[in-house]
Every structure is written in C-alpha cells, then in structure tokens.
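Read the structure below first, then the notes.
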Amino acid sequence: MNYIKLVVGKITSALIACLIIVCFSLVVFALDPKKSLQQYRLEELQDGLPQNSVSSIVQTKDGYLWLGTYEGVVRFDGIKFTVVDRNNTPELKSNGVLVMLVDREGTLWISTSGGGIVQYKDKKFISYSEKDGLPSNIVYSMSESKDGGIWLGTDKGLSKIRDGKFTNYSDKQKPINNFIRSVYEDINGKVWTGTDNGGVSIFQAGEFTPCPNGENLLVKSVRTVLADLNNNIWVAGKEGVSCFSKGIWTNYTTANGLVDNYIRNLYVDTQGVVWIGTNEGLNCFKNGQLLTYTSKDGLSASSVRCFLEDHEGTLWIG
C-alpha cells in the first residue's frame, strides 16, 4: 500500500491507498504549479478497509472518522479500523454506502443502496425505510435544514425527516425532476435540487421553480450542489461544473481547465478552496486559479469520490 506525500507550495498532502490526507499550513493557496509526488510505504495501514472504494467520509464530534464503502461503514480512530456492516449491525440493511452526514447535534446519518437510511445517535442505530414513510430506499443526497430536519434526495422525489417523521414532496409538473441526485439548503432557506437529467430546481414555500437563468446552466445530469463561502452556488455533474454568482452562470469544462468533465463530487474547505473530484483526477479552484492533480503527478487513484476536512484542518479525499 502506498503512502504518498505531496508538497505544493504551502500545502502538504498524503494519500493512503484510496485516501488522500491534505494537511494545511496557514497560507493555504500559495500553490506552485511545478508539483511532484514522493511515495513511501506505510505497512501498518495495509489492512483495515473492507475494500478500496470510499464513497463518503465524515467525522463525528468525538473525533472518529467514518468511511463509507461498498462493503460497509468503517470507523477509524487514527490507529485502527472498526467495520460496521450487515453482519454485526442488523439496522444496516445494505452494505453499499451512498452518502453520510453528521448534523449539528452530532448525529450520524448513513444512506445505503436500497437500504434506506440509518441514524446513529447515543451509540444506537435506528433504520428508516419505505415502510416508515421514506419515498424510496435509495437516498442519493442529504442536507441539514435550518429547523434541524434532514433533506433527502431520492429517485422518487424530495423528502424531509424531522423527529423521526417524513414529509415527502414531488414536482408534479416535471416528473423527471423527481430523480434527485443532490439536495442543498442555502442560507436563505432555498432548497436546491439537482436532478438526474433535468438540471436544477429550487424548492421553497412548498413549490418547485426552475433555477434562475437555467438556460445558461451547462450541467443537466447533476451529481452535486453546494455553496461556497461567498454563497455562490456550485453545480457539478456529467457535463462539468457550473457556478452561479451575482445572477450569472459560469461554466467550466476540460476546454477551460478541468481535468475531466465527469464530476463525482465537490467540496469547499474552511479556507474557501473549491475541490473538484473527477473520474480522471483532482482539481482545486480559488480566485480563478485552477490546479490539477492526476496520475502524472503521482496520484495513484484517478477517480475521486469524496472529501472531508477534519477538526484539525486535514483534508481527506476518497
């Protein structure tokens, strides 16, 4: 198993098999375009993950890292891995983890492929599925709302769970928009829903409306919607990346710097850097500067699926 240390200006990063750890200094984005990767062996981390595809990474208030894989959830305390799967946790109805979320109260939410969602609170797991009111057992995205509820994007519409009860919403005008791949509530309470082939809609006051200036939005097959530190909305999917700022959509593809047009995920760290995970490598973006990391730079795994900045400012990339 490779341990890769990357030094780029003021950024230090490390890749452990399918994970990259990026440790930030105070000056985060003093990047040198002449990048190099040095590889090392770290034998003690060879074992522990049930398989090498990490779909989601979160950290709970107690400091544990939780890694979602297609063979269960793995809790990492910095030294050892503890696997949580269907064999030892019956509340987990499927081992294939799609996405995870830690809410403001510290509750861990886990979505699995065909298994609904699982809540982990006070050291207890509680499962929710269609029989409990969830519109579908396939939940692609989760986002916390201002009132403490959790928005859920499913292949059968938008849902919200609060205090163990579901409220379901669907766009009756445009059924294709009910296949929701990503959901995000902004600071104004608008819920941005990214759909599989229908672009982006906004849910507010009980109604779905098209996103502003949607005709200029490049991305139609959406995988991620989020806001940066300036409250600009970023949308990413199969066609590239689009950013909505001051009423204008700006689109990014391989033609203007992306390493690949198929975007798997986006992440904004506490320094405001926008990280872009693709099938062919990694981009990071700040103040108009776009940097690329691929196998040519020593990146051992081209496909980047997920990100997490932990409590100590370390960025984990799966």
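Identify the residue in the range 188-213 that is assigned to a strand (DSSP E or B) and in contact (Cβ under 8 Å) with a residue 40 or more places away in the chain and, among all such residues, is farthest from the chain's Cα centre (by Cα).
First, pick out the residues of the range 188-213 that are assigned to a strand (DSSP E or B): 191-195, 200-204, 207-210.
Next cut, in contact (Cβ under 8 Å) with a residue 40 or more places away in the chain only: 191-194, 203.
Details: Val191: 17, Trp192: 15, Thr193: 14, Gly194: 13, Phe203: 21 Å.
Among residues in the range 188-213 that are assigned to a strand (DSSP E or B) and in contact (Cβ under 8 Å) with a residue 40 or more places away in the chain, the one farthest from the chain's Cα centre (by Cα) is Phe203.
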Next item on the list: Find all pairs meeting these conditions: Cβ atoms under 8 angstrom apart; at least six residues apart or on different chains; first residue within the range 115-137 and among the basic types (Lys, Arg); second residue assigned to a strand (DSSP E or B) and surrounded by 20 or more Cβ atoms within 10 Å (Cβ to Cβ).
Entry: Lys121/Leu108
Checklist line | Subset of the range 281-318 (residues that are crowded, with 17+ Cβ neighbours inside 10 Å and among the β-branched types (Val, Ile, Thr)) | finding: Thr292, Val304, Thr314, Ile317
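Enumerate the strands (runs of 3 or more DSSP E) found wholly within the range 109-163, keeping only those where 2 or more residues are in contact with a helix residue (DSSP H, G or I) (Cβ under 9 Å, 6 or more places away or on another chain).
Numbers: elements: 116-121, 124-128, 139-144, 150-154, 157-162.
Per the criteria, 157-162.
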Notebook entry, point to check: Of all the residues that make up the range 214-269, how many are of a type in the set (D, E, K, R), in contact (Cβ under 8 Å) with a residue 40 or more places away in the chain and farther than 17 Å from Gln289 by Cβ?
Noted result: 2
Checklist line | Residues of the range 187-220 satisfying the condition of being surrounded by fewer than 16 Cβ atoms within 10 Å (Cβ to Cβ) and polar (S, T, N, Q) | finding: Asn188, Asn197, Gln204, Thr209, Asn213, Asn216
Checklist line | Top-ranked residue of the range 232-257 - restricted to ones that are farther than 14 Å from Lys286 by Cα and not in a strand (DSSP E or B), ranked as modelled with the lowest pLDDT | finding: Asn256
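Go through the residues of the range 172-179 one by one and say whether even a single one is loosely packed, with under 13 Cβ neighbours inside 10 Å, closer than 24 Å to Asn265 by Cα and at pLDDT 95 or above. I'd like the intermediate steps shown before the answer.
Taking the range 172-179 first, the residues loosely packed, with under 13 Cβ neighbours inside 10 Å are 172-173, 175-176.
From what is left, the residues that are closer than 24 Å to Asn265 by Cα are 176.
After this cut, where a residue has to be at pLDDT 95 or above as well, the list is none.
The answer is no; no qualifying residue exists.
Could you look through the range 52-108, keep only residues that are among the aromatic types (Phe, Trp, Tyr) and in a strand (DSSP E or B), and pick out the one that is modelled with the highest pLDDT?
Of the residues in the range 52-108, the ones among the aromatic types (Phe, Trp, Tyr) are 64, 66, 70, 76, 81.
Subset that is in a strand (DSSP E or B): 66, 76, 81.
On the way: Trp66: 95, Phe76: 87, Phe81: 86.
For the range 52-108, the residue satisfying everything is Trp66.
The values are calculated or read from the model by the stated rules, or taken from the named source; none is laboratory data. Keep in mind that what you see is a predicted model, and the values were worked out from it rather than measured. Glycine also receives a Cβ, built like all others from the backbone with ideal geometry; neighbour counts cover every protein chain displayed.
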